[in-house]
Each structure stands twice: as C-alpha cells, then as structure tokens.
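Structure first, commentary second.
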Amino acid sequence: MRVTTGPAERGRIRPVRAVPGPLPAIGRRHPRIGVELTIRIWSDPSRPEARLAPRTTPGSRVLSRLPLIIVAAIAFALPGAYSVPTSALTASASPAASTLAPKVYAGGDVAGAHVGSPSPSPLPGDTTPPVTVASGADARWHRTAVTVHLAASDATSAIAYTLYMVGADGVWTKGTRIVVPAPKDHANDGQHVISFYSVDVARNVEAVKTVTVKIDTTPPGFRWRDVSPTVLHRVEPVRFRFTVWEPSGTVRLAWRATDQYGYFSARRGGLEREPGTRDLQVAPRYKNHQPFKPGLYRVRLTFTDQAGNVTVTKPRAFRNYRPAQARVFRRVSGAGRRVALTFDDGGVGPWARILRTLRAYKAHATFFPLGLWVDRRLARRTVADGNAIGSHGWTHTAMTRQSYAGVRNEWLRSEAPWWTAAGVSPVPYCRPPYGDYNRTTVAASGSAGFARVVLWDVDPQDWREPGSGAIASRVLSHVHSGAIVCMHLRPQTAAALPAILRGLRARGYKAVSLPELFRAAGYR
Ligand SMILES: [Zn+2]
C-alpha cells in the first residue's frame, strides 16, 4: 500500500533557520513542500515491516519518523490495505518557505484540512489545530529576565511540537520555555515579540500567535534645571525644575528634604511625571504643617520607572531665611552628657589644625569665623566633616551699637561667603561679638532667619593667650552637660584641643556640634 504523508518540514527537530521576510499571514494557507512516501505493510503480524521510501522535494532533508510510524501503526491495525492519497500537495519553489509552518489555519477554521480522504481514513478525524497559551508575558516592563511558558493542547490529537521565535528576524526554535534575558549592560532593553504556534500529530498547524515581553534595565535619565526661589523670605513653595528621560513612559516621583546637617525634614511620594522637562513644588513644612525652621535645606528626588529602575538625584539646595522668633541660648539643657565646643573669629592655620584634631578624636564642633575669614577650602571641609557653622558678623562690631538694619546687614553680609564657597549657610546660628546684644539685636537676627542667638556659659578666655595648658584646664574644670564653650581660632586654642577632647572623654562627655546638641535636647 501507499501512504502519502504531508509536508516534509513538520518533522524537523533542529531549530529552523532564520526566516527572511515577514511571518506568514494568519489565516492564509501557506505554500508547502510535499513528500511522498510508500509504506508497505505485510499482513503477517509476526513480520511487521514498513519500508519507508521517501521521495523528497529539494526543500526537505530531515524526516521525523514518529508520525509516520503512528500512521503505519494505524494502517497495520486495520484489516486489509488502504490507499490514502493526500490532498494535493503543492511543492514550493521557494526554499525559504520551507522553514515556515506547513499549513496555517485561522483559529477554528478547518477548511483545507490536511488529509482529504476519499474512503475510510486511517487517521482520527482531527481537523482542528492545537491551541497554544503563553504564560509569563504581560504588558509591564521588567528589569529582570522574563520566562514565558508555552502550553499547547489539542482536543483530539497529541501535540507534535511547538515552535517559537523571538523578534521579527529571530530563529524558529522548538520548545515551550523561552527566557528573555535582562543583562545589566542594558543590551536587551526594549520590546521583544515572541511568535509561536504548535502542530498536532495530525499535522494541524495553529495560526501564529504573538506575545510581547518588555525589558527595561535602565534607570530614568535626569538633569536638574533650576530652583526658584533659591532664598525664601517667607513660607512659600519652592519650585524645582528638571528634565527626566524614560522610554517606558510615566515615572513615579518621590522627594525627600533634609536640613544642612542631614536631619530629615519632610518627604512626599506617590507623585508621577511624564518624561520631559517638568517641575515640582515643595512646601517647606514638616509633616505637622509647621514651617521649616530657618536654614538651608536639600531636596533629593527619586524616580522609579515602570520596570522598577530607580534614579536618586543629587540634592538641590534652597535657603529658607523666613523671619522667625529668635531666642538666646547660653547652654542647652536636656541634651545629656554632651557639650558644644565653639570657635570664633578667624585664622586659617588654627582652623585647619582644629579640624584635624576633631577628626582624629571623632568629635564635632561649631565654627563662627567672621565673614572675611571664611576660607573656601576650610568651609567645605568643616561642614563635610560633620561640624556646624554660624555667623559672627563681618566687622566684629558690638551689635548694641548697631541699628536693626545694621544688625541684619552684619549677619546677611557674612552669610554670602559660605554660600559661594561651599553651598552652605550659617543660618540659624549667630553669635554677636563680645556676647553683646539687646532686644533690637535679637529681633533683627530673627528677621533674617538667625533664630538661634548662641552665647556661652564656659569661657576659658583663650583669646588672652594664657597657654594651652591653662585653656584646657579652664574648660575641663567648668564643663557640664549641655555646656556651650566659647573659644577662638587661635594657635594656643588649637594646641589645647587634644587635651580638652581627652579630658571630656575621660569625664564621659561627648563633644558635639550645636545642631547635634539641640537635637539631643529635643529641638529640631
Ligand atoms: Zn569674636
């Protein structure tokens, strides 16, 4: 008997080579390549033998024997011999076409079933193509590899194989598990179309389906534009402008504000922005809606794209110099065994030496140099090391001899060099020279945001140059919890500092900056 089978490539085992040109249109019959086989079956069951004599067209090379054996087995089981001609097989002139599905049916369309059988068919009457369902792909962007599983089912027959191809010019591959990688070098970022279909053992071919996997491993791109206003003189929102790039679309935005010393001030999340040049309004208020204490604040933005890639921006600062009710402090009670060492006036040599000593002892202090002594390099290092700064004015004038405007001018003039040198601010700490102040001094200070007028309650008179030993012993004999120690940026003071820090440590005190002292006592 002669059994003529269908297309040659249905039995291919290896991945089929790349297909030039577009995918076959779904729902259209596709040109195929025919193979004619002759199977001889002897009626003696003890000598079953099927001789396969393929007569192939040039496009076919490999034949899977499994379906043929099944066909032969069905034929063998039937009494007598049957001739089963196939429906007309069209040999394709195009070798490329041989790599495509031999027959493509529209879903549910059984017209043109693979085997037209005039008289009793040895095959089950399966004319319905399989249905393949892809799981693991969804519309979201992913920053890790995505695995797609293909599950094929068929109402009547078994599944012969499932083929898939990633991308429009990929390679048709047999399999049901596809991993779309997401390498850290962003090499696979983009949308990947996975085409797939299955074929059942009755050679019904499913129409090609597709799912899309979106890979994005690149965090949003970002650039600051501007901040306005950069100096607040009242409680008002600050507008930050920026440009954000993100190919996957809308990004989530959160912001976080800290003060100059890194203390958390406010945050907000749950915002969204479209890519482009956008802005953000930040209200300078704490969670309890009280306005931020005067001082410098930094805002960082966090952008999260749809795949979860995160960009945290560099901070942008604004100076909040809103008027506030100023208060005079000589000590800070309730701060535990902490003391604040403070250094006034100026002298770059002692200043640098004091910074080195503080760093060596892991201690912090607060610096009140006159405006003209604000050295660019030392200014940056002072704050970077965790120390605090304040204003001591510009001319070392007695503030009680100054008008309201004169006091403001002393503070504001000495504020500018800090900003230009290091992007920092002495606000809210100010120290009137000689500790000389009156009600006008305090009111004028508060009007410029200098809300903490800081005097002292331990004074070793170091400016009289009594010797470093005397300076150290005077400090250590008077120090107490919450003390503010007034010293100066002078050589003998710098020389006394190691002994002072050792002595404080021996007595169980910690030398801290003014913001640390205030924080420890419960102030913001
Ligand atoms: Zn002074």
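Summary table below
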| quantity | calculated |
| --- | --- |
| Residue order, fewest to most beta carbons within 10 Å, for TRP255, TRP224 | TRP224, TRP255 |
| Sorted by Cβ neighbour density within 10 Å, fewest at the top, the residues PHE450, PHE240, PHE343 | PHE240, PHE343, PHE450 |
| THR366, THR382 arranged by Cβ crowding within 10 Å, fewest neighbours leading | THR366, THR382 |
| Spin-label pair VAL193/THR243, simplified geometry with 7 Å Cα→Cβ offset, distance in nm | 3.2 nm |
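Each reported figure results from applying straightforward, stated rules to the coordinates on display, with no laboratory input. This is a predicted model, so every value here is computed, not measured. In this analysis, Cβ positions are derived from the backbone assuming ideal geometry, glycine residues included, and neighbour counts consider all displayed protein chains.
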